[in-house]
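The values are calculated or read from the model by the stated rules, or taken from the named source; none is laboratory data. Given the structure is predicted, the values throughout are model-derived calculations rather than measurements. Virtual Cβ from ideal backbone geometry, glycine too; neighbours counted across all protein chains shown. In case anyone asks, the SASA skips ligands and DNA or RNA and just uses the protein heavy atoms, side chains included. Shrake-Rupley method; radii C 1.70, N 1.55, O 1.52, S 1.80 Å.
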Amino acid sequence: MPDVTTDNGRRLLLVQVDGDGASNKAEIPGTPLAIKVIQDYFLKKYNLPATVSIIEGEVSRSSSSDKLTETEKLARDIFKLNNIEIASHSYSHPSAWFQKNYIVARGDDFHLAIPEYEFDLKREIAGSVDYINKKLAPEKKQVRVFFWTGDGLANKEALTLTRTLGLENMNGGGATMSKDENTITRVPPLGYAIGNQLQVYAPIASDHIYTNGWQGPFYGFDRVIETMQLTDNPLRLKPMHIHYHFYSGSKIASINTLTSVYDWSIKQESRAIWISEYTQKVKEFQNMTISRSLDGTWNIRGLQTLRTLRLPASIGWPDFKRSEGVIGVRDVKQGRYVHLLPNRNGQVLLNTTSKFPSTTYLLHSNGEIKKWHKTEGVNLQIHAHTPVELSIASPSRNCYIKWKDGTLNAQHQHQGWRFIFPVANPGNVSLVCN
């Protein structure tokens, strides 16, 4: 089974900020804007890859003016951060995208009260993206994702427009599994398709849900930890997902809770990625193919960013000598996860064996493997959003890495060797095991 919850043996971690409430005043000394609190307390402090959006109609009430509002200046500063991916959360935050879901009332009941504005699909999507790209985004960095607003359900026309603009899209869905409702009926699918268009669902519900539509309790988002635990054990159903709005930076209770959620999440072994990287995996999940040859070889096609297969133990272990594009495996209680590196055609050939691997292979990592070439050792290229961590399984008595800054020694750990780089992009490195 292809798996979008895990990459290189680690559960994925996503951070998503929806634009609502950026201009709210925080109820803390100095009453800074909520967007400033989120910037300083979370986006800068934790330095995790995060996909951050704004609502144009909220941050800019004078878009025709060259003078930036305070919120626009802060948004511009956030978008300059290297760990931030830029997203749009629309122009006016419509409450619905399907005609049948439109409500009779207009103005504040349907979208932000913007004078003389009537809903226009292109203005909401293309217009807001153009505004961010031209006014807020730094040079050579553009909007990558569109986050749906309101009920979070996009129609085909809206999905087609995001695809035409080269944007990834996400929202809606959101798992709410809890100890009170410990059932997978509280776990939505990966998304839904309309014709040839796909909306990707958010893996885990946002702070809006856990705080009852931001009516309180404002510490309610702490229960997202419960959801992330239950969607990992006994089966890994979703990646970890810290999904919140700027208004969580406006209350002392919500700030303290968000801090607890971040602190818990960074203690988990994970691979942190941007939302656009996750949505690409989901799209490949819909279109990739698996077939089996008469000689028993599994032929997997249509892969680029989706690089994990989950095997039942009855199938056995990857046979690294007879497989192509298979670079590692990790056996944990949630399943046996096989790590892939497809060729240029997006293909992997997997053969299995009943024997436990006796060669050197990737156990797990927080980075993306760009190259894995075995000679006497392994020549590899890896990068991550945070300093690279790499664990190698090997029957050898000693393993070390040669790279541009010299020799990196390993920590021996269970069946493997653990390497911790001081940088996120060490470039080409050589693994030596003897």
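Take the residues in the range 142-159 that are out of contact with any strand residue (DSSP E or B) (no Cβ under 6 Å at 6 or more places or on another chain) and closer than 11 Å to LEU121 by Cβ, then tell me which one is most open to solvent (accessible area, probe 1.4 Å). Give the derivation first.
Within the range 142-159, the first condition is being out of contact with any strand residue (DSSP E or B) (no Cβ under 6 Å at 6 or more places or on another chain), and the residues that meet it are 142, 149-151, 155, 157-158.
Adding the requirement that they be closer than 11 Å to LEU121 by Cβ leaves 155, 157-158.
Numbers: ASN155: 31, GLU157: 122, ALA158: 0 Å².
Selected residue: GLU157.
Out of (1) touching a strand residue (DSSP E or B) at 6+ places or on another chain (Cβ under 8 Å); (2) surrounded by fewer than 24 Cβ atoms within 10 Å (Cβ to Cβ); (3) not aromatic (Phe, Trp, Tyr), the odd one out for ASP130 is which?
Exception for ASP130: condition (1).
Kindly indicate the residue of the range 37-61 that is surrounded by 22 or more Cβ atoms within 10 Å (Cβ to Cβ) and charged (D, E, K, R) and also nearest to the chain's Cα centre (by Cα) among those meeting that condition.
Checking each candidate, the answer is GLU56.
Residues of the range 254-279 being open to solvent by 50 Å² or more (accessible area, probe 1.4 Å) and closer than 30 Å to LEU349 by Cα, which ones?
GLU269, TRP274
Given the residues ASN256, ASN196, which is the only one that is out of contact with any Asp or Glu (no Cβ under 6 Å at 6 or more places or on another chain) and closer than 18 Å to GLN280 by Cβ? Break it down stepwise before answering.
Working: ASN256 fails: closer than 18 Å to GLN280 by Cβ.
When all the criteria are applied, what remains is ASN196.
For the range 178-196, how many residues meet the condition of being touching a strand residue (DSSP E or B) at 6+ places or on another chain (Cβ under 9 Å) and either surrounded by 15 or more Cβ atoms within 10 Å (Cβ to Cβ) or at positive phi (or both)?
Number of matching residues: 6.
In the range 3-32, which residues are of a type in the set (A, V, I, L, M, F, W, C) and either open to solvent by 10 Å² or more (accessible area, probe 1.4 Å) or within 25 Å of HIS385 (Cβ to Cβ) (or both)?
Kept after step one, since they are of a type in the set (A, V, I, L, M, F, W, C), are these residues of the range 3-32: 4, 12-15, 17, 22, 26, 28.
Matches in the range 3-32: VAL4, LEU12, LEU13, LEU14, VAL15, VAL17, ALA22, ILE28.
Restricted to the range 384-394, and to residues that are open to solvent by 10 Å² or more (accessible area, probe 1.4 Å) and modelled with pLDDT of 95 or more, which residue is nearest to VAL432 (Cα to Cα)? Full working, then the answer.
So in the range 384-394, the residues open to solvent by 10 Å² or more (accessible area, probe 1.4 Å) come out as 384-387, 389, 394.
Imposing the further condition that a residue be modelled with pLDDT of 95 or more reduces the set to 384-387, 389.
Working: ALA384: 21, HIS385: 25, THR386: 24, PRO387: 21, GLU389: 17 Å.
Applying the filter and picking the extreme gives GLU389.
Considering only the range 302-328, how many residues are part of a loop (DSSP other than H, G, I, E, B), in contact with an Asp or Glu (Cβ under 9 Å, 6 or more places away or on another chain) and either over 18 Å from LYS281 (Cα atoms) or at pLDDT below 95 (or both)? Show your work before the answer.
Of the range 302-328, the ones part of a loop (DSSP other than H, G, I, E, B) are 302-307, 312, 316, 319-323, 325.
The next check asks that each one be in contact with an Asp or Glu (Cβ under 9 Å, 6 or more places away or on another chain); those that pass are 302-307.
If we keep only those that are either over 18 Å from LYS281 (Cα atoms) or at pLDDT below 95 (or both) too, we end up with none.
Residues meeting the conditions: 0.
Residue under question is ARG418, and the condition is that it be out of contact with any strand residue (DSSP E or B) (no Cβ under 8 Å at 6 or more places or on another chain) and either in a strand (DSSP E or B) or charged (D, E, K, R) (or both); does it hold? Working first, answer last.
Details: out of contact with any strand residue (DSSP E or B) (no Cβ under 8 Å at 6 or more places or on another chain): no; either in a strand (DSSP E or B) or charged (D, E, K, R) (or both): yes.
The answer is no for ARG418.
Quick one: in the range 329-343, which of the residues that are of a type in the set (Lys, Arg) and outside any loop (DSSP other than H, G, I, E, B) is farthest from GLY9 (Cα to Cα)?
Kept after step one, since they are of a type in the set (Lys, Arg), are these residues of the range 329-343: 330, 333, 336.
Narrowing further to those that are outside any loop (DSSP other than H, G, I, E, B): 330, 336.
Working: ARG330: 6, ARG336: 9 Å.
For the range 329-343, the residue satisfying everything is ARG336.
All but one of (1) more than 29 Å from GLN304 (Cα to Cα); (2) out of contact with any strand residue (DSSP E or B) (no Cβ under 6 Å at 6 or more places or on another chain) hold for VAL4; state the number of the condition that does not hold.
VAL4 satisfies all of (1) more than 29 Å from GLN304 (Cα to Cα); (2) out of contact with any strand residue (DSSP E or B) (no Cβ under 6 Å at 6 or more places or on another chain) except (1).
Could you give every pair whose Cβ atoms fall below 8 Å, whose first residue belongs to the range 257-277 and is of a type in the set (Gly, Ala, Ser), and whose second residue is in a loop (DSSP other than H, G, I, E, B), counting only separations of at least 6 or pairs across chains?
SER270/ASN366; ALA272/LEU48; ALA272/PRO49; ALA272/ASN366; ALA272/ALA384; ALA272/HIS385; ALA272/THR386
This table checks each residue for (1) assigned to a loop (DSSP other than H, G, I, E, B); (2) open to solvent by 70 Å² or more (accessible area, probe 1.4 Å); (3) in contact (Cβ under 8 Å) with a residue 40 or more places away in the chain.
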site: ASN379; (1), (2), (3): no, no, yes
site: ILE382; (1), (2), (3): no, no, yes
site: SER396; (1), (2), (3): yes, no, no
site: ILE401; (1), (2), (3): no, no, no
site: THR407; (1), (2), (3): no, yes, no
site: HIS412; (1), (2), (3): no, yes, no
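Taking the conditions exactly as written (under 29 Å from GLU157 (Cβ atoms), open to solvent by 70 Å² or more (accessible area, probe 1.4 Å), polar (S, T, N, Q) and outside any loop (DSSP other than H, G, I, E, B)), does GLN286 satisfy them or not?
On the way: under 29 Å from GLU157 (Cβ atoms): yes; open to solvent by 70 Å² or more (accessible area, probe 1.4 Å): yes; polar (S, T, N, Q): yes; outside any loop (DSSP other than H, G, I, E, B): yes.
The answer is yes for GLN286.
Can you find, within the range 344-356, the residue that is nearest to ARG330 (Cα to Cα) among those that are outside any strand (DSSP E or B) and open to solvent by 20 Å² or more (accessible area, probe 1.4 Å)? Even if it seems obvious, please write down each step before you answer.
Restricting attention to the range 344-356, the residues satisfying the condition of being outside any strand (DSSP E or B) are 344-347, 351, 354-356.
Checking which are open to solvent by 20 Å² or more (accessible area, probe 1.4 Å) leaves us with 344-345, 347, 354-356.
Values: ARG344: 24, ASN345: 25, GLN347: 21, SER354: 15, LYS355: 14, PHE356: 11 Å.
That would be PHE356.
Filter the range 72-91 down to the residues that are more than 23 Å from MET170 (Cβ to Cβ) and open to solvent by less than 10 Å² (accessible area, probe 1.4 Å) and list them by number.
If the condition is that a residue be more than 23 Å from MET170 (Cβ to Cβ) and open to solvent by less than 10 Å² (accessible area, probe 1.4 Å), then GLU72 is the only one that fits.
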